[in-house]
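Novice: Have a look at the structure that comes next, please.
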Amino acid sequence: MSVQNPADIFLRLDKKWSRFEQARVVILPVPYEYTTSYGRGTAYAPESIINASYYLELYDEELDTEIFRLTNGIATLPAVHFDGAYDSAAVELVREQVVRLMEQGKLVVSIGGEHTIAIGAAQAHTHFYPGLSILHLDAHSDLREEYEGNRYSHASAMARIYEFNKNIVQVGIRSQCAEEAEFIKKNRINTFYAYAVKQGRYNDKYGSWHNAVIDSLKENVYVTFDCDFLDPSLIPALGTPEPGGFGWDETIAFLRKLAARRTIVGFDVNELLPAHPFIHPQFTVAKLIYKMIGYIFSKT
Ligand SMILES: [Mn+2]
């Protein structure tokens, strides 16, 4: 399998540490954009996040290590080429690529692109890990049966995933339509709304929302991370910004605890919309990805 030229490699790791054969983690850029509804440009997100990653420190003071060493390196693959493949064909393309990588024992980090990219990746992981939980971090529940006539809209990503995996846990939701609220009640989807979390609803019983969420997950977890889970003051560059999001520290602390107590088998980040003049959003997301890899492989 071919690997990107040095300028397009996550963290700009040298050859020794970005070789596909040895790396346990692979970065898969998935610049898919077809149904974005508000701001456009998420197709440029993978490239901008990888570019921003050049400026990350390789050493992580919290884990006291250079994270890429824990994983025997991190390889970056060429971006998925959609070549006119949309909707179900695009989902299938992503699924196939992720399956191929998982068959080679890789932990796959997919970088979108719009949330639609999570469908194929979640499908691949669900196939490999029966009983898998899907942890969905997002401002939106993405459970519309269809949006603007499209069943593969970013706004319907979780509705499609629900068709093959019922173990969905959603966190951070603060914007949805009545149909989605109804769907959640009817199907008893485990949804941790932002307002409930922020009002401290889970503190008495669980100590914190972190524990409440983790307790609701099975052993193996696939994480789909919509960047608008974070507050738009932190990530102003988003397709559909929603106030009342989560901060950096509480998010990172949560992911660390999650990785220690469960097995994260893969993840994606999606919906970033690189926007001039901001550079901190893509840098923040690059750092989130790197830290998440560190948490998964250190399990502390
Ligand atoms: Mn969203």
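The values are calculated or read from the model by the stated rules, or taken from the named source; none is laboratory data. All figures in this text were calculated on a predicted structure; none of them were measured in a lab. Quick reminder, even Gly has a Cβ in these numbers, built from the backbone with ideal geometry, and neighbours come from all protein chains shown.
Novice: Suppose the filter is within 13 Å of the ligand (Cβ to nearest atom), modelled with pLDDT of 95 or more and touching a Lys or Arg at 6+ places or on another chain (Cβ under 7 Å); does SER156 pass it?
Specialist: Details: within 13 Å of the ligand (Cβ to nearest atom): yes; modelled with pLDDT of 95 or more: yes; touching a Lys or Arg at 6+ places or on another chain (Cβ under 7 Å): yes.
Answer is yes for this residue.
Novice: Wholly within segment 182-300, which helices (runs of 4 or more DSSP H) include no fewer than the required count, namely at least 1 residues that are within 16 Å of the ligand (Cβ to nearest atom) and on the phi < 0 side of the Ramachandran plot?
Specialist: Here the list reads 194-198, 248-261, 280-298.
Novice: List the number of the failed condition for GLU96; all other conditions in (1) away from the ligand (no atom under 16 Å from the Cβ); (2) under 15 Å from the mean Cα position of the chain (by Cα); (3) among the acidic types (Asp, Glu) hold.
Specialist: Failing condition for GLU96: (2).
Novice: To continue, here is another question. Within segment 244-263, how many residues are under 25 Å from ASN51 (Cβ atoms) and touching a strand residue (DSSP E or B) at 6+ places or on another chain (Cβ under 7 Å)?
Specialist: Here the count works out to 3.
Novice: Which condition from (1) within 16 Å of the ligand (Cβ to nearest atom); (2) touching a helix residue (DSSP H, G or I) at 6+ places or on another chain (Cβ under 7 Å) is the one that LEU58 breaks?
Specialist: (1)
Novice: Which ranges mark the helices (runs of 4 or more DSSP H) fully within segment 1-90 that have 3 or more residues being more than 25 Å from ALA237 (Cα to Cα) and within 21 Å of the chain's Cα centre (by Cα)? Steps first, answer last, please.
Specialist: Values: elements: 15-18, 45-53, 67-70.
Fully inside segment 1-90 and qualifying: 67-70.
Novice: May I ask you to verify whether ASN72 is away from the ligand (no atom under 15 Å from the Cβ) and touching a Ser or Thr at 6+ places or on another chain (Cβ under 6 Å)?
Specialist: Working: away from the ligand (no atom under 15 Å from the Cβ): yes; touching a Ser or Thr at 6+ places or on another chain (Cβ under 6 Å): no.
When the stated conditions are applied, ASN72 does not pass them.
Novice: Here is a check on your reading of the model: is SER18 among the small types (Gly, Ala, Ser), in contact (Cβ under 8 Å) with a residue 60 or more places away in the chain and more than 17 Å from LYS287 (Cβ to Cβ)?
Specialist: Details: among the small types (Gly, Ala, Ser): yes; in contact (Cβ under 8 Å) with a residue 60 or more places away in the chain: no; more than 17 Å from LYS287 (Cβ to Cβ): yes.
No.
Novice: Of SER175, SER208, which residue is hydroxyl-bearing (Ser, Thr, Tyr) and more than 24 Å from MET292 (Cα to Cα)?
Specialist: On the way: SER208 fails: more than 24 Å from MET292 (Cα to Cα).
Residue meeting the stated conditions: SER175.
Let's see how each residue does on (1) of a type in the set (Lys, Arg); (2) closer than 24 Å to GLY131 by Cβ:
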{"site": "LEU230", "(1), (2)": "no, no"}
{"site": "LEU234", "(1), (2)": "no, no"}
{"site": "THR240", "(1), (2)": "no, no"}
{"site": "LYS257", "(1), (2)": "yes, yes"}
{"site": "PHE278", "(1), (2)": "no, no"}
{"site": "LYS291", "(1), (2)": "yes, no"}
{"site": "SER298", "(1), (2)": "no, no"}
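Novice: Does LYS205 meet the test of being of a type in the set (D, E, K, R) and either touching a residue at least 40 places away in the same chain (Cβ under 8 Å) or in contact with a Lys or Arg (Cβ under 8 Å, 6 or more places away or on another chain) (or both)? Step through it out loud before you land on a result.
Specialist: Working: of a type in the set (D, E, K, R): yes; either touching a residue at least 40 places away in the same chain (Cβ under 8 Å) or in contact with a Lys or Arg (Cβ under 8 Å, 6 or more places away or on another chain) (or both): no.
Taking the combined requirement at face value, the residue does not satisfy it.
Novice: Then there is this: Could you check segment 94-123 and list, in sequence order, the residues that are touching a Gly at 6+ places or on another chain (Cβ under 8 Å), part of a helix (DSSP H, G or I) and within 23 Å of ARG144 (Cβ to Cβ)?
Specialist: VAL94, ARG95, ALA118, ALA121 - these are the residues of segment 94-123 that are touching a Gly at 6+ places or on another chain (Cβ under 8 Å), part of a helix (DSSP H, G or I) and within 23 Å of ARG144 (Cβ to Cβ).
Novice: In segment 130-146, is there at least one residue being hydrophobic (A, V, I, L, M, F, W, C), more than 16 Å from the ligand (Cβ to nearest atom) and modelled with pLDDT of 95 or more?
Specialist: Within segment 130-146, the first condition is being hydrophobic (A, V, I, L, M, F, W, C), and the residues that meet it are 132, 134-135, 137, 139, 143.
Next cut, more than 16 Å from the ligand (Cβ to nearest atom) only: 132.
Those left that are additionally modelled with pLDDT of 95 or more: 132.
There is at least one residue in segment 130-146 that is hydrophobic (A, V, I, L, M, F, W, C), more than 16 Å from the ligand (Cβ to nearest atom) and modelled with pLDDT of 95 or more.
Novice: If you don't mind, another one. Being surrounded by fewer than 21 Cβ atoms within 10 Å (Cβ to Cβ) and touching a Pro at 6+ places or on another chain (Cβ under 7 Å) is true for just one of PRO31, PRO46, PRO78. Which residue is that?
Specialist: On the way: PRO46 fails: surrounded by fewer than 21 Cβ atoms within 10 Å (Cβ to Cβ); PRO78 fails: touching a Pro at 6+ places or on another chain (Cβ under 7 Å).
Answer to the check: PRO31.
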